[in-house]
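I have placed the structure first, in the form of structure tokens, so that the comments after it can refer back to it.
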Amino acid sequence: MDSIEILQIFNDAFNRHDVGAMMAWMTPDCIFENTDPAPDGTRYTGQQAVRRFWERFFADAPAARIEIEEIVVCGDRALQRWTYSWSETGHVRGVDIFCLRDGKIAEKLSYVKG
């Protein structure tokens with residue numbers, strides 16, 4: 001499976017709010033950097049911490065959805081541009097920078113515009 005397919009499966013799981021499926025595509029030592037609070041966000045390390053983040057995130061944002069604009073892969077790195085919506089009128093645009101290892105996501109660093 002190539003990196004684009006892995007990210008598409010991960011993003012589909014995000015849109016279903018399926019934390020278990022998302023975490024199945026992340027390494028045991030995964031790193032996730034959220035966009036909040038500005039300016040640097042919060043860093044979560046390891047399956048347990050990242051899982052807890054996503055569980056709280058979806059509980060707080062029951063309408064969360066991501067629309068992918070573009071995915072670019074270069075070796076073990078990937079970048080995706082997206083629009084994240086949390087309601088019919090609320091959205092932001094941003095990018096994720098990924099590091100993939102052994103067919104899984106080892107690192108997901110998220111950034112937003114504005």
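Under a Gaussian network description of the chain, with springs only between Cα atoms under 10 Å, the residue in Glu70, Glu55, Glu33 that fluctuates furthest is Glu70. For the chain, the mean residue ellipticity at 222 nm estimated from helices alone is -9000 deg cm²/dmol, where every DSSP H run of n ≥ 4 contributes -39500 (n - 2.57) and the total is divided by all residues, rounded to the nearest 500.
For the stretch 74-91, putting each phi into the Karplus relation 6.51 cos²θ - 1.76 cosθ + 1.60 with θ = phi - 60° gives couplings of 9, x, 8, 10, 9, 10, 10, 9, 8, 10, 9, 10, 10, 7, 5, 10, x, 7 Hz, in residue order, rounded to whole numbers and with x for Gly and Pro. Using the beta-carbon distance between Asp102 and Glu55 and R0 = 22 Å, what value does 1/(1 + (r/R0)^6) give for FRET efficiency, to the nearest 0.05? Calculated transfer efficiency: 0.30.
For Tyr111, the solvent-accessible surface computed with a 1.4 Å probe is close to 100 Å², ligands and nucleic acids excluded. When semi-axes √(5λ) of the Cα gyration tensor in Å is calculated for this entry, the matching label among (1) 17, 17, 13; (2) 20, 16, 14; (3) 23, 16, 14 is (2). Does a label point 7 Å from the Cα of Asp12, set along Cα-to-beta-carbon, have any residues of the stretch 22-52 with amide nitrogen under 17 Å, and which are they? The answer is 22-26, whose backbone nitrogens lie closer than 17 Å to the label point.
The values are calculated or read from the model by the stated rules, or taken from the named source; none is laboratory data. None of the values given here were measured: they were computed from a predicted structure. Here the Cβ is made from the backbone with ideal geometry for all residues, glycine too, and neighbour counts use every protein chain on show. For the accessible areas, the whole protein counts, side chains as well, though only heavy atoms, and no ligand, DNA or RNA atoms are used. Shrake-Rupley method; radii C 1.70, N 1.55, O 1.52, S 1.80 Å.
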